[in-house]
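Novice: Have a look at this one.
The values are calculated or read from the model by the stated rules, or taken from the named source; none is laboratory data. All values reported here derive from a predicted model rather than from experimental measurement. Here Cβ is always computed from backbone atoms with ideal geometry, including for glycine, and neighbour counts include all displayed protein chains.
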Amino acid sequence: MIRVHKLMIVENEHLYGPGKRLLIYLKGCSIHCEGCINQHLWPFEGGTIMNSSDILEICKKESLEGITIHGGEPLDQANGLYDVVKTIKNEKYTAILFTGYLKKELNNEQLKVWNISDIVVAGRFQIKKRNVNLQFRGSTNQRVYTHNGPYKGYKIQDGFTTAILTIDEEGNMDVNGFLTEDIARLVGDK
Ligand code: SF4
């Protein structure tokens, strides 16, 4: 079981990885990086409890390439998450993991999730090293590991900024991705 804040179907390789994917925001983070833009996801309470069958069903129904796991801190839910990743990978879907941990910090359960994921984006967000022109990462200290399966040797493309602005029928704006000063002003973040 995993505790989910939000699910989105996304198609933006620069932010979330190749192909059409299920983006999963998990609840809870114990790391608390200074300047984190997802502080509303730090509490572990709330959200929706889902299991591996729920996630697999969405992958099949939407004909996805795989899942991209964001937080919160996904590896703070390593037990349930391993079951999800193993289940979807058994059906040939891919998994991309974003974590604030480094490999040397992981316990055995967390390491299992790291090892089974196809791409891992790892390390604390460091506000002093913030850079909005990186693929997948928010700060230059973070690292990308492309150790498994179809993405082995995947070439990271830095040098430009991507943000997705969504406006719903009531005019509410939501932005995903990296906020440049211009985009932040536009959505009223600054
Ligand atoms: S690990 Fe991720 S969610 Fe947690 S504080 Fe750092 S940037 Fe925010």
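Novice: Just give me the residues in the range 56-75 being surrounded by 24 or more Cβ atoms within 10 Å (Cβ to Cβ), among the β-branched types (V, I, T) and away from the ligand (no atom under 12 Å from the Cβ), in sequence order.
Specialist: I67, T68
Novice: Looking only at strands (runs of 3 or more DSSP E) that fall completely inside the range 136-178, which ones have 3 or more residues that are surrounded by 13 or more Cβ atoms within 10 Å (Cβ to Cβ), touching a Gly at 6+ places or on another chain (Cβ under 6 Å) and among the charged types (D, E, K, R)?
Specialist: Of the strands (runs of 3 or more DSSP E) lying wholly inside the range 136-178, none has at least 3 residues that are surrounded by 13 or more Cβ atoms within 10 Å (Cβ to Cβ), touching a Gly at 6+ places or on another chain (Cβ under 6 Å) and among the charged types (D, E, K, R).
Novice: Right, next: How many residues does the range 62-87 hold that are touching a residue at least 40 places away in the same chain (Cβ under 8 Å), among the small types (G, A, S) and more than 22 Å from G177 (Cα to Cα)?
Specialist: Number of matching residues: 2.
Novice: Could you check N38 against (1) farther than 19 Å from M1 by Cβ; (2) modelled with pLDDT of 95 or more and say which number it fails?
Specialist: (2)
Novice: Only residues that are over 14 Å from the mean Cα position of the chain (by Cα), more than 8 Å from the ligand (Cβ to nearest atom) and surrounded by 15 or more Cβ atoms within 10 Å (Cβ to Cβ): list them for the range 21-47, please.
Specialist: F44, G47, listed by residue number.
Novice: Then there's this: Mind listing whichever residues of the range 76-105 are closer than 22 Å to G35 by Cα and touching a Leu at 6+ places or on another chain (Cβ under 7 Å)?
Specialist: T99, Y101
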